[in-house]
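Enquirer: Encoded as structure tokens, here's the structure I'll be asking about.
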Amino acid sequence: MNTGYKTVSSSYVTISELMLPSHTNFSGKIHGGYILSLLDQIAFACASKFSGNYCVTASVDTVNFLKPIEVGELVTMKASVNYVGKSSMIIGIRVESENIQTGAVNHCNSSYFTMVSKDKEGKNAAVPGLILTNLKEVSRFQNGLKQIALKKEREYQKSIATFGSIESILSSNQFNVIVELQ
């Protein structure tokens with residue numbers, strides 16, 4: 001089923017939210033879990049907007065927390081579709097915090113979510129193809145291909161991984177571990 005093609009820009013979603021004291025962790029910074037929740041929401045909105053269907057989170061491929069976010073800052077998240085498969089999309093999200101008093105803006109998070117389009121019966125639904133209109137979009141698409149290849153390689157390595165015997169782990173000073181088998 002051909003669902004046509006759409007531009008990356010047709011997937012753009014931006015949200016901004018003021019960070020409140022109720023969003024903090026025990027150190028007084030904005031809780032990473034709260035940011036993850038917002039990331040999941042914008043990934044859903046971006047994927048659903050692009051595909052025209054309900055979408056689910058298949059995986060959170062990367063979340064890099066680069067700088068802490070302070071109470072009172074305005075957080076802006078910008079999402080776009082970076083890659084499409086048959087029914088899946090990789091959504092790239094950039095998170096910036098702005099000190100609304102000084103105007104200083106910090107890039108504090110980059111994230112990649114794999115979302116899957118679903119039909120009314122809950123089965124995977126085809127997504128539109130992607131029209132790449134500039135070199136940045138081409139680069140992001142290529143990074144999506146790399147992410148998929150790395151994910152496949154990790155899965156393969158898990159299936160064949162052997163880290164040696166318990167004796168070799170115990171006799172090595174390489175690991176910060178004590179084994180106390182009962």
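The values are calculated or read from the model by the stated rules, or taken from the named source; none is laboratory data. Keep in mind that this is a model prediction, so the values were computed, not measured. Virtual Cβ from ideal backbone geometry, glycine too; neighbours counted across all protein chains shown. Calculation scope for accessible area: heavy atoms of the full protein, side chains included, ligands and nucleic acids excluded. Shrake-Rupley method; radii C 1.70, N 1.55, O 1.52, S 1.80 Å.
Enquirer: Assuming R0 = 45 Å, what is the FRET efficiency of Val138 and Glu70, from their Cβ-Cβ distance, to the nearest 0.05?
Expert: Computed FRET efficiency for Val138 and Glu70: 0.80.
Enquirer: Whole-Hz ³J(HN,Hα) for each residue in segment 125-138, computed from phi via Karplus 6.51 cos²θ - 1.76 cosθ + 1.60 with θ = phi - 60°, x for glycine and proline: what do you get?
Expert: Karplus values, whole Hz, x for Gly and Pro: 10, 4, 10, x, x, 10, 9, 8, 10, 8, 5, 5, 5, 4.
Enquirer: May I have the count of lysine pairs in the chain with C-alpha atoms under 13 Å apart, counting pairs 8 or more residues apart or located on different chains?
Expert: Close lysine pairs found across the chain: 5.
Enquirer: What is the distance, in nm, between label points placed 7 Å from the Cα along the Cα-to-Cβ direction at Asp119 and at Leu181?
Expert: Label-label distance for Asp119 and Leu181, simple model: 5.2 nm.
Enquirer: Now a separate question. Counting only protein heavy atoms and using a 1.4 Å probe, what share of the accessible area of the chain belongs to carbon plus sulfur, as a whole percent?
Expert: C and S fraction of accessible area: 56 percent.
Enquirer: Using the Karplus curve 6.51 cos²θ - 1.76 cosθ + 1.60 with θ = phi - 60°, work out ³J(HN,Hα) for each residue of segment 95-110 in order, rounded to whole Hz, and write x for Gly and Pro.
Expert: 10, 10, 10, 10, 6, 6, 8, 9, x, 5, 10, 10, 7, 10, 6, 10
Enquirer: Report, in deg cm²/dmol and to the nearest 500, the calculated mean residue ellipticity at 222 nm for the chain, where each DSSP H run with n ≥ 4 adds -39500 (n - 2.57) and the sum is divided by the residue count.
Expert: Helix-only estimate at 222 nm: -9500 deg cm²/dmol.
Enquirer: Next question, about the same structure. Quick one: work out the % antiparallel among DSSP beta bridges in segment 1-135, nearest 5.
Expert: Given both bridge residues lie in segment 1-135, the antiparallel proportion sits at roughly 95 percent.
Enquirer: Same structure, new question: At Thr14 and Ala104, where each label point lies 7 Å from the Cα along Cα→Cβ, what is the point-to-point distance in nanometres?
Expert: A separation of 2.3 nm, rounded to one decimal place.
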